[in-house]
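A short worksheet on the structure shown next.
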Amino acid sequence: MPIQIMRAIQVHRYGGPEQLKLEEKPRPEPQTGEVLVRVYAAGVNPIDWKIRQGLMKEFRPMTFPYTPGIEVAGVVEDVGPAVTAFEIGQAVVGQMAEGAYAEYVTVPIEALALKPKTLSFVEAATVPVGATTAWRTLFDNGGLVSGQRVLIQGAAGGVGLFAVQLAKWKGAQVIGTASTANLDFVRGLGADMVVDYTTTRVESVVQDVDLVLDGVGAQTLSSSLAVLKPGGTLISIASPPAQEQARARGVRALMSRGAASTPLQTFTQLIDEGQLKVMAGKTFALSEVQQAHEYGESSHGRGRIVLQIADGAENTFA
C-alpha cells in the first residue's frame, strides 16, 4: 500500500516562530487504542510556543523534527485494531502530546470525545485543553467547593473563560480580571465581579479569596498571593509561583498538574445542554502558523487562537 502524504507544520530546531515550517510528511497510521482524525481545526496554546522556544526542554525534551499542537476537532478517518468506541465519520474533539498542526493526527481513544453538536469545528477545537485544565486546576488541584471565593486571573483567556463558568456551576463566588475590552464578556460568563487590570490593582479591591487560578504568569503572581486569605491556595497554569513569598503569607502556591478527574465527554454534554459557553479567538490558516504564534505571544485576546485546517471548519456543525 503506497504511503499517504499530508501537510503538517514541522519544527527542526528550537527558536522563534520562523522555525514553524509547512512541509509534507507521511500520514500516520492508527495503532491499537488509537483513532486517526482528519483535522478540521487545531487550538493554539501557550505551551506550543514555550516548547518551540525550548523553555520546556528540561521537562519535555522534543525529538526533531516534531509537529506542534495538543488539541484538535475533526472527523474520524480510520480506527486502530480492536477500536470499537468510535466509528469512521464521527465528529470528535481530542487532546494529544503533539501533532495537532497537521491535516491528520492519531489520538488515543481515552483522550477523545464526540464533538459538541452545537459548536463549529473551530469552536470545538478550543475545548479539550481549556475545559480540562480549568476543571483540574479548580477542583482536582484547588478543591473548590460551593460558597468559596475564587479569583480567575486572565478570565477571558482560553482557560479562564471555562474556569469562570465551571466555578459558577459549582456554586462559588467568582471574581475575574480582564482588559477593558473584555469586561462585559467576562460578566456574561457569570462572574460576580470583574476587575479591569489595565486601570486597577486587583489587590486594592479584592481580599480574602480562598483560591486563585492564575492564567497570566509572572506579572500577576504577586497580586494573586496578596488577595488570598490565610490558608488559601494559588494555582498557576502559566509560571511557577514564589514559594518563599507564599510561605511568608501563610498560603499554598503551586503549579497546576495531573490529569483532569472528569472525562472530556463531560464537557461535550455540558456544552450541548447550554451550561458552558465557548468562544474561539482569532483564527489563522495552517500556512499562517507563524503569524498565529506571533499574535499569541504578544496579545491577551479573548478565547483560544485556532488554526483552521479544513475548509469550512468555522461553520461546519457535523
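Here the condition is being out of contact with any Lys or Arg (no Cβ under 8 Å at 6 or more places or on another chain) and in the same structural domain as His12 (by TED's automatic domain parsing); of Ile51, Ile88, it holds for Ile88 alone.
Restricting attention to the stretch 244-252, does a residue exist that is polar (S, T, N, Q), surrounded by fewer than 17 Cβ atoms within 10 Å (Cβ to Cβ), under 30 Å from Pro108 (Cα atoms) and not assigned by TED's automatic domain parsing to the domain that holds Val44? Taking every residue of the stretch 244-252 in turn, none turns out to be polar (S, T, N, Q), surrounded by fewer than 17 Cβ atoms within 10 Å (Cβ to Cβ), under 30 Å from Pro108 (Cα atoms) and not assigned by TED's automatic domain parsing to the domain that holds Val44.
Checked against (1) surrounded by 14 or more Cβ atoms within 10 Å (Cβ to Cβ); (2) at negative phi; (3) in contact (Cβ under 8 Å) with a residue 60 or more places away in the chain, Glu288 meets all criteria but (3). As a summary of the residue check, Gly43 satisfies the conditions (1) out of contact with any Asp or Glu (no Cβ under 8 Å at 6 or more places or on another chain); (2) closer than 25 Å to Leu254 by Cβ except for the one numbered (1).
Rundown of residues vs (1) of a type in the set (Phe, Trp, Tyr); (2) loosely packed, with under 15 Cβ neighbours inside 10 Å; (3) at pLDDT 95 or above, yes/no style:
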| position | (1), (2), (3) |
| --- | --- |
| Asn182 | no, no, yes |
| Val195 | no, no, yes |
| Thr199 | no, yes, yes |
| Val209 | no, no, yes |
| Ala218 | no, yes, no |
| Gly232 | no, no, yes |
| Ser239 | no, yes, no |
| Arg257 | no, yes, no |
| Ser261 | no, yes, no |
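In the stretch 280-290, the qualifying residues are those that are among the polar types (S, T, N, Q) and in contact with a strand residue (DSSP E or B) (Cβ under 6 Å, 6 or more places away or on another chain), and the one that is nearest to Ile9 (Cα to Cα) is Ser287. The number of residues in the stretch 78-87 being crowded, with 17+ Cβ neighbours inside 10 Å and within 24 Å of Val122 (Cβ to Cβ) comes to 2. Here Phe162 passes the criteria (1) among the aromatic types (Phe, Trp, Tyr); (2) over 25 Å from Gly281 (Cα atoms); (3) within 20 Å of the chain's Cα centre (by Cα) except the one numbered (2).
Identify all residues within the stretch 296-318 that are over 26 Å from Pro108 (Cβ atoms) and more than 16 Å from the chain's Cα centre (by Cα); write none if there are none. Within the stretch 296-318, Ser298, Asp311, Gly312, Glu314, Asn315 meet the criteria. Just one of the listed residues (Gly171, Gly190, Gly232) is within 21 Å of the chain's Cα centre (by Cα) and not aromatic (Phe, Trp, Tyr), namely Gly190. Would you confirm whether any residue within the stretch 48-58 is surrounded by 24 or more Cβ atoms within 10 Å (Cβ to Cβ), touching a Leu at 6+ places or on another chain (Cβ under 9 Å) and of a type outside the set (Ser, Thr, Tyr)? Checking the stretch 48-58: not a single residue is surrounded by 24 or more Cβ atoms within 10 Å (Cβ to Cβ), touching a Leu at 6+ places or on another chain (Cβ under 9 Å) and of a type outside the set (Ser, Thr, Tyr). Against the definition (in a loop (DSSP other than H, G, I, E, B) and either more than 24 Å from Asn45 (Cα to Cα) or out of contact with any Leu (no Cβ under 7 Å at 6 or more places or on another chain) (or both)), how does Thr198 come out, yes or no? The answer is yes for Thr198. If you go through the stretch 291-305 and keep only what is among the small types (Gly, Ala, Ser) and crowded, with 17+ Cβ neighbours inside 10 Å, you end up with Ala292, Gly296, Gly301, Gly303. Residue under question is Phe59, and the condition is that it be in a loop (DSSP other than H, G, I, E, B), aromatic (Phe, Trp, Tyr) and more than 16 Å from Tyr101 (Cβ to Cβ); does it hold? Yes, satisfied.
The values are calculated or read from the model by the stated rules, or taken from the named source; none is laboratory data. Note that the coordinates shown come from a computational prediction; the quantities given were computed from them, not determined experimentally. Cβ sites come from the backbone with ideal geometry, for glycine too, and all protein chains shown count toward neighbours.
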